[in-house]
Amino acid sequence: MVAKNTAVLILAAGKGTRMKSSLPKPLHAVCGYPLITYILRAAQSLNPAAIGVVIGHGAEQVKEIVTENLSAWGITTPVDFFVQTDLSGSASAVKAALPFLQKHQTVMVLNGDTPLLKTETLRKMIEQFQEQAAGALVLGVKVPDPFGYGRIVRDTKGQFEKIVEQSDADDATQKINEINSGMYVFDSAALQKALSQLTPQGPKHEFYLTDTLSIIKKSGQPAVVFTSADFKQALGINSRAQLAEATQVMRARINQFYMENGVTLINPQDTYIDAGVQIGEDTVIASGCYLLGNTKIGSNCTLESNVYVQNSKIANNVVLKQGTYIEESEVAEECQLGPYAHLRPKSTLCKAAKVGNFSEIKKSVIGEGSKVNHLSYIGDTQMGAGVNVGAGTITCNYDGVNKHQTIIEDHVFVGSNVNFVAPVTVHEYAKIGAGSTVTKEVAANGLAIARSRQVVLENKGAKK
Ligand code: UD1
Ligand code: CA
């Protein structure tokens, strides 16, 4: 509510040279979401008048990904894009959004590479900006290692004086450990005026947004620092090492959230939960598990160690034993999987189904209470309820050109080591003898045996 007359401008045009990547920096992932998602979400939660994003390097790709995902990320405020063509610094980026500045009285400017920022901090920044009737406000934090950041230089009274970039800092300035987080609030008119007065700085002759604060101060409006003790939220991502650092902090926050909400993590340091995941109460998650994308895990589930679940829905009371790997699938309540079961995309397990050791399921339905417990491959199959599939059963679904369906109706009993050569249908209550290669339809309640009879030739054994 605070930010009703405030707009948020996100700077995401920079080259991101230090990432050494063909992927634009705003699209590098932290816990399953592109970097820029976190800043957009923080902006959204302020309920601002508008959101602007300045793009440049990789502009089309960034715009496309952001536009496609806005509603999935919960961004309901309209987002305007501005293209910065010259890439000559953070002030030039803001200049590229001049029409945006002209529309709004107060503008919060956020670097697009600080995913750990917290909404409550942004809210407090706006509050202080309003209380002090400031022309500019910057979020300053004291960090253990200020290297690489702009330093906040204060005058003898302790008031804000200027920001000095790393490349321009003398020895004394380099010792200052209060840094500019790259998050600001501006009186839009004052900012526009200051932007027109900038001169290029530093080794790369860039226009620094940070210089506008001292210009605004000199012109008579207060330029102030909002100080936060939580320095982690100011971490800027310029390199892969910082990307890993931010991911670690984000992961710890996510894990903390679930532990506060009734989920047991046996070893939170070694549990990897993406930001879009949901987990129900009393679920227990062992070490080495990866829960990725928009996965949903129900309540009272058990995930043994090294379970991997991506973009899947797991209902309540499900047991995923060690090493189970699930992609884009649905598992109904009371199912049991693993150890070492593999659900490939578009698989559905109905209630209380079991898929056991080294069994692989692809694009198939396994009916209620059905069991595929040992060493099997079930692909492109519709399986009814109460089916028992013997060890080593294989659906031969591919003829080298096309994929074909196998239909196994309710209560079929499949002996061990059976091949189903698809397309083929087995009707309800049928029985398939062990070792059969089934090529033809099997009638309901029938027994199919499709293997050669055993012969024993005398004196042809192993002994001479
Ligand atoms: C910047 C600040 C520094 C601060 C640090 C915090 C400036 C001059 N310096 O340094 O004081 O401590 O962030 O993380 O702002 N960008 C553009 N167009 C450009 C250049 C940059 O849009 O031409 C965007 C980038 O995409 C990025 C942000 O501006 O999101 C900051 O740029 P970056 O190059 O990362 O600046 P830093 O060196 O980190
Ligand atoms: Ca940066």
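The values are calculated or read from the model by the stated rules, or taken from the named source; none is laboratory data. A quick note: this is a predicted structure, and the numbers were derived from the prediction, not measured. Here the Cβ positions follow ideal geometry from the backbone for every residue, glycine too, while neighbour counts run over all protein chains shown. Surface areas here come from the heavy atoms of the whole protein model, side chains and all, with no ligands, DNA or RNA. Shrake-Rupley method; radii C 1.70, N 1.55, O 1.52, S 1.80 Å.
Around the amide H of G140, modelled in the peptide plane, lie the amide H atoms of F226, T227, S228, all under 5 Å away and 5 or more residues distant in sequence or on another chain.
Around the amide H of V30, modelled in the peptide plane, lie the amide H atoms of L35, all under 5 Å away and 5 or more residues distant in sequence or on another chain. In this view, the solvent-accessible surface of T324, computed with a 1.4 Å probe and all protein chains in place, comes to about 0 Å². Extension gain for K20-R123 works out to 33.7 nm (0.36 nm per residue, less the C-alpha to C-alpha distance).
Against the longest alpha carbon principal axis of the chain, how many degrees, from 0 to 90 and to the nearest 10, is the axis of helix 240-260 turned? So the helix axis and the longest Cα principal axis differ by about 70 degrees.
Stokes-Einstein diffusion coefficient for the chain at 20 °C in a medium of 1.002 mPa s, Rh from the Kirkwood formula over Cα pairs: what value in µm²/s?
On the way: Rh = 25.8 Å.
Answer from the Stokes-Einstein relation: 83 µm²/s.
For the range 362-374, putting each phi into the Karplus relation 6.51 cos²θ - 1.76 cosθ + 1.60 with θ = phi - 60° gives couplings of 9, 6, 9, 10, 10, x, 4, x, 6, 10, 10, 8, 9 Hz, in residue order, rounded to whole numbers and with x for Gly and Pro.
Keeping every protein chain present and rolling a 1.4 Å probe, give me the accessible area per residue for the range 6-234 in Å².
Working: 9860 Å² over 229 residues.
Dividing the accessible area of the range 6-234 by its residue count gives 43 Å².
Across the range 261-448, the mean sequence separation of Cα contacts (distance under 8 Å, 6 or more residues apart), normalised by length, yields a relative contact order of 10 percent. Sequentially through the range 295-307, phi angles give Karplus couplings (6.51, -1.76, 1.60; θ = phi - 60°) of 5, 10, 10, x, 8, 6, 8, 10, 10, 6, 5, 6, 8 Hz, Gly and Pro residues having no value and appearing as x.
Ligands, DNA and RNA left out, the 1.4 Å accessible surface of the range 261-448 is 47% carbon and sulfur atoms. Using θ = phi - 60° in the Karplus curve 6.51 cos²θ - 1.76 cosθ + 1.60, the 3J(HN,Hα) couplings for the range 119-136 round to 4, 4, 5, 4, 4, 5, 4, 5, 4, 5, 4, 5, 4, 8, 6, 7, x, 8 Hz; x is entered for Gly and Pro. For the chain, the longest principal axis of the Cα atoms and the long axis of helix 35-44 meet at an angle of about 70 degrees. Once the 1.4 Å probe is applied to the protein heavy atoms, the range 261-448 comes out at 43 Å² accessible per residue.
Relative to its Kirkwood radius, the Cα radius of gyration of the range 258-368 gives an Rg/Rh of 0.93. Here the accessible area is traced with a 1.4 Å probe on the protein chains. For the range 196-241, carbon and sulfur cover 57 percent of it.
In whole percent, what relative contact order does the chain give with Cα contacts below 8 Å and a gap of six or more residues? Intermediate values should be presented prior to the final figure.
Working: 1222 pairs, mean separation 37.5, N = 464.
Computed over the chain, the figure is 8 percent.
A straight chain from Q278 to A443 at 0.36 nm per residue would run longer than the Cα-Cα distance by 55.0 nm. When the C-alpha to C-alpha distance is required to be over 20 Å, the pairs from K20/K204; K204/K232; K296/K371; K321/K354; K103/K124; K321/K371 that qualify are K204/K232; K296/K371; K103/K124.
Listed peptides 65-77, 237-249, 176-188 appear in the order 176-188, 237-249, 65-77 once ranked by packing, highest mean of other Cβ atoms within 10 Å at the front.
Of all the accessible heavy-atom surface of the range 37-111, with the other protein chains kept in place and a 1.4 Å probe, what percent is carbon and sulfur?
Numbers: 1520 of 3070 Å².
Answer for the range 37-111 is 49 percent, counting heavy atoms of protein chains only.
For the range 173-195, the residues whose amide N sits under 18 Å from a probe point set 7 Å from the Cα of R253 along the beta carbon direction are 181-184.
What is the gain in length, in nm to one decimal, between T76 and Y290 on full extension, counting 0.36 nm per residue of separation less the C-alpha to C-alpha distance? Don't jump to the answer; show the numbers that get you there.
Working: separation 214, 0.36 × 214 = 77.04 nm, distance 2.97 nm.
So the chain would gain 74.1 nm between T76 and Y290.
Counting only Cβ charges, +1 for Lys and Arg and -1 for Asp and Glu, the dipole size of the chain around its Cα centre is about 760 debye. The accessible-area ordering, largest first, of the residues H342, H28 stands as H342, H28, per a 1.4 angstrom probe.
State to the nearest 20 debye the size of the charge dipole of the range 376-464 about its Cα centre, where the only charges are +1 on K and R beta carbons and -1 on D and E beta carbons.
Values: 8 positive and 7 negative charges, 141 e Å.
The dipole of the range 376-464 has a size of about 680 debye.
Where q = 0.23 Å⁻¹, what log10 of I(q)/I(0) comes from the Debye formula for the range 73-175, counting one point per Cα? With one equal scatterer per Cα and no solvent, log10 I(q)/I(0) is -1.54.
Considering only alpha-carbon pairs that sit under 8 angstrom and 6 or more positions apart, the relative contact order computed for the range 231-328 is 18 percent.
With the cut-off at 21 Å, report for the range 16-86 the share of all Cα pairs above it, as a whole percent.
Details: 566 of 2485 pairs.
Taking all Cα-Cα pairs of the range 16-86, the fraction more than 21 Å apart is 23 percent.
Most tightly packed first, judged by the mean number of other beta-carbon atoms within 10 Å of their residues, the peptides 362-371, 55-64 read 362-371, 55-64. About its Cα centre, the range 192-339 has a charge dipole of approximately 980 debye under the convention of +1 per Lys or Arg Cβ and -1 per Asp or Glu Cβ, with nothing else charged.
For A385, the residues 5 or more places off, or on other chains, whose built amide H falls under 5 Å of its own are E368, D410, H411.
Roughly what would the spin-label model give for A241 and F413, points 7 Å off Cα along C-beta, in nm? It is 6.5 nm.
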